[in-house]
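Trainee: Before anything else, here's the structure in question.
The values are calculated or read from the model by the stated rules, or taken from the named source; none is laboratory data. Since the model is a prediction, treat every value here as computed from it, not as a measurement. Every residue, glycine among them, receives a Cβ derived from its backbone with ideal geometry; neighbour counts consider all protein chains shown. Only protein heavy atoms, including side chains, enter the accessible area calculation; ligands, DNA and RNA are left aside. Shrake-Rupley method; radii C 1.70, N 1.55, O 1.52, S 1.80 Å.
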Amino acid sequence: MNQTAVVTENPATLKGTPYKQNRWKKNFWGYMFLVPAVIIFIMFLWVPIFKGLLYSFYHVDFVKGNSFAGFENYSRALSDPDVLTALKNTGYYMFLCLIIGFWVPIAFAIMISELRKFGGFVRVAAYLPFVMPGVVLYGLWRWLYDPVGPINALLGTMGVDQVAFLTDTRWSMISLVFMETWQQFGSGMLIYLAAVLSIPRDWYEAAEIDGAGIWARIKYITLPSLRNLIFLMLILQIIGTSQGYQSQMALLDGGPNNTTLTYALLIVKYAFTRLDYGTATALGMLMFIVLGGLGILQFKLNKEDY
Amino acid sequence: MKSADRGILSEHDLKKTSNKIVYGLMCVVILVMVFSMLYPICMTLFNGLKSNQEVNSFPPHFFPQEWHFSNLKDAMNYIDLPMFLRNTIYIFLGNMVVTLVVLGMSAFSISRMNVPYKRAIYFFFLMTLFIPATSYMIPNFVNLKELGLLNQYAAFWLPAGANTFYFLLLKNFFDGIHPEIFEAARIDGASEPRSFFSIAVPLSIPIFATLAIFIFSTAWNDWFWPSLVMHSEEKYTLATAIYKYVINVKALNTNIKFAILFIVSLPPIIVFLIFQKFIMRGVALSAVKG
């Protein structure tokens, strides 16, 4: 047989190439494939991150050049009363997102999983707002929330007074959260739905035979099966909402009377309205210190995925 | 098997009247949800076809009383939509190419090639996930400015290769390809680049499609970052242009405004309806990693 010949023709022993050179050659393409990504990650992610750390101690001036400022940026940031307002607003926004938005996709995922017909259509309908561009959303909801828009028309037919959804300081943040929930719950719902549908049906069968009612089945089978996912989504939502600024900026620009000025929006305003990049960077560093822990928690939670 | 058909409710449950009522209520809630999802979207279309007087009338009508299709033409003439569309497409295509080449190769290398210190390099990519993007948004802008990339398409194309989330999607996909295929190729004498380009890439079309949809929707929807990076009008993307010239303008007639909004939301909706399956699966993949 030829097999023996193949075995003796081991290239390392035959040609007598040194092991090290051979290894270099073997790994050459592996490294070459990594080089572009490593360069780009350094240039566009790691450099900004470290520049953030550096520039939070500098006055950033594009014309005259940067100059060292010590802790001035930090002390300015911490003594600004707007920062406290922004922190409160961000907390309020996160809280509203939890009580208005967080449970909605879970509830609808369970309900939609029980539909016998039209399940596909309902899924598409629920997800459709998510594919609408943000700018369309802003234009559309400005009209919906208008004092003479359809929502107030509906309220009018029910005999309720008109609500100035966007310009009333009590309503502005709630209106924003409601709009975002409307847009985003579809994607969360699909994730929960996949998890609900992956629960073995036999468990329900067994529970029913043992006499468990419908609510008991949801409480003791469905929700516990979703527990890890719910916790992960909670962390993701907290990470996401603590950085929210786009709809606040686009719809109300932080107003009325700073009630929708979130922390991230304040960073943006410091940089691009007051042109104080140093303080904006310092605010970003403070945010990183607070949120970094959450990122690590998220990593620990879905470790098996990496 | 009957047990496979059932959900939380069984056929038996639905025979009880009280359960029937609850089930009926649930269907009503879902119906209301579907209505509240579709109504505003349909309104965008119909408002774009009404006369301006009708859009502003109170209470609003659903269907237009007169159909003004000329609004669409006025919308096209109000701002230079084709130019903004071209810019958006440029950014989408460039981002797509960079993502596939840079992240595809690196993900393949980490997933399927022999590289010493692989864990360390992998961790180098992964670490960036835990730093909240907003906290380095300003230094990122300053960095682009210092590199002289502002107002250039390269300011989008190059950083597209620094997306840890897409990197993970690609790596997980490559992990799922059977290693025997690459072993066989190696034994047959294929070089590493060859086994990437002629085996891994053709096998990865599904994940590339998912990525294409993500990248398309980012390029199409993102209005804030392009408005910072691009500061001359002829380089604005569609979303940025709409934000600057349509959303924040009071003088524009509401019906024309809606006609523009409708034109802009149409392509993503069509893409979504065509590639539904890909997208729905992509969502399940994506969200878990945020």
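Trainee: For chain B, what % of the accessible area comes from carbon and sulfur atoms, probe 1.4 Å?
Mentor: Carbon and sulfur: 66 percent of the exposed surface of chain B.
Trainee: For A:282-288, what's the mean count of beta carbons from other chains sitting within 10 Å of each residue's beta carbon?
Mentor: Going residue by residue through A:282-288 and averaging, the value is 4.
Trainee: In whole percent, what relative contact order does chain A give with Cα contacts below 8 Å and a gap of six or more residues?
Mentor: 26 percent
Trainee: Among A:Ile238, A:Ile99, A:Ile174, whose mean-square fluctuation peaks in a Gaussian network model of chain A (Cα, cutoff 10 Å)?
Mentor: A:Ile99
Trainee: Mind checking the per residue accessible area of the protein assembly as shown for me, 1.4 Å probe, whole number of Å²?
Mentor: 48 Å²
Trainee: A follow-up question, please. Taking square-rooted eigenvalues a ≥ b ≥ c of the alpha carbon gyration tensor, is the range A:79-305 rounded, prolate or oblate, where a/c under 1.5 means rounded and, failing that, a/b exceeding b/c means prolate?
Mentor: Cα axes put the range A:79-305 in the oblate bin.
Trainee: If I take R0 = 45 Å and measure r between the Cβ atoms of A:Leu223 and A:Leu84 in this structure, what FRET efficiency does the formula 1/(1 + (r/R0)^6) give, to the nearest 0.05?
Mentor: Efficiency computed from Cβ-Cβ geometry: 0.75.
Trainee: May I ask for the percentage of alpha-carbon pairs in the range B:13-69 that lie more than 15 Å from each other?
Mentor: 61 percent
Trainee: Could you tally the net charge around B:Ser204, taking each other residue with its Cβ under 13 Å from the Cβ of B:Ser204, Lys/Arg +1 and Asp/Glu -1?
Mentor: Around B:Ser204, the surrounding residues sum to +1.
Trainee: Which residues' amide hydrogens lie under 5 Å from the amide hydrogen of B:Asn151, considering only partners 5 or more residues apart or on another chain, with H built in the peptide plane?
Mentor: B:Met230, B:His231
Trainee: For labels at A:Arg170 and B:Phe63 in the simple 7 Å Cα→Cβ model, what's the distance in nm?
Mentor: According to this spin-label approximation, the distance is 4.0 nm.
Trainee: Now, a different point. Would you kindly calculate the translational diffusion coefficient of the protein assembly as shown, applying Stokes-Einstein with the Kirkwood radius from alpha carbon pairs, for 20 °C and a viscosity of 1.002 mPa s, and quote it in µm² s⁻¹ without decimals?
Mentor: 80 µm²/s
Trainee: Give, as ranges by residue number, the residues of the range B:149-172 whose backbone N falls under 20 Å from the point 7 Å along Cα→Cβ of B:Ser232.
Mentor: B:149-158
Trainee: Heavy atoms only, probe 1.4 Å: what % of the accessible area of chain A goes to carbon and sulfur, would you let me know?
Mentor: Result for chain A: 66 percent of the exposed heavy-atom area is carbon or sulfur.
Trainee: Give, in nm to one decimal, the length gained when the segment between B:Leu126 and B:Asn172 is fully stretched (0.36 nm per residue of separation minus the Cα-Cα distance).
Mentor: Full extension from B:Leu126 to B:Asn172 adds 15.2 nm.
Trainee: I'd like the interface area for chains A and B: accessible area of each alone minus the complex, both sides summed, 1.4 Å probe, protein heavy atoms only. What is it in Å² to the nearest 100?
Mentor: 9700 Å²
Trainee: Could I ask something else about it? Sort the following peptides by mean Cβ neighbour count (other Cβ atoms within 10 Å, averaged over residues), highest first: B:172-184, B:151-163, A:195-207.
Mentor: My ranking of the peptides, most packed first, is B:151-163, A:195-207, B:172-184.
Trainee: Further question on the same structure: Treating cross-link reach as a plain straight distance, find the lysines whose alpha-carbon is under 23 Å from the alpha-carbon of A:Lys26, omitting any fewer than eight places away in the same chain.
Mentor: Within the straight-line cut-off, A:Lys26 pairs with A:Lys15, B:Lys118, B:Lys171.
Trainee: The range B:71-107: which residues show an accessible-area loss of 40 Å² or more, assembly versus chain alone, 1.4 Å probe?
Mentor: At a threshold of 40 Å² (probe 1.4 Å), the residues of the range B:71-107 that become less exposed are B:Val102, B:Met105.
Trainee: Can you give the accessible area of B:His231, probe radius 1.4 Å, in Å² rounded to 10?
Mentor: In the full protein context, B:His231 sits at about 120 Å².
Trainee: Moving on. Need one value: the accessible area of B:Val101 in square angstrom, 1.4 angstrom probe, rounded to the nearest 10.
Mentor: Using a 1.4 Å probe on the heavy atoms, I get roughly 80 Å².
Trainee: Order B:Thr128, B:Thr218, most accessible first, counting only protein heavy atoms with a 1.4 angstrom probe.
Mentor: Result, largest first: B:Thr218, B:Thr128.
Trainee: Moving on. Tell me the accessible surface of B:Met96 in square angstrom (1.4 angstrom probe, heavy atoms of protein chains only), to the nearest ten.
Mentor: Looks like 30 Å² after rounding.
Trainee: Still on this structure, I have one more. With n ≥ 4 as the cut-off for DSSP H runs, can you work out [θ] at 222 nm for the protein assembly as shown, using -39500 (n - 2.57) per run divided by the number of residues, rounded to the nearest 500?
Mentor: For the protein assembly as shown, the value works out to -20000 deg cm²/dmol.
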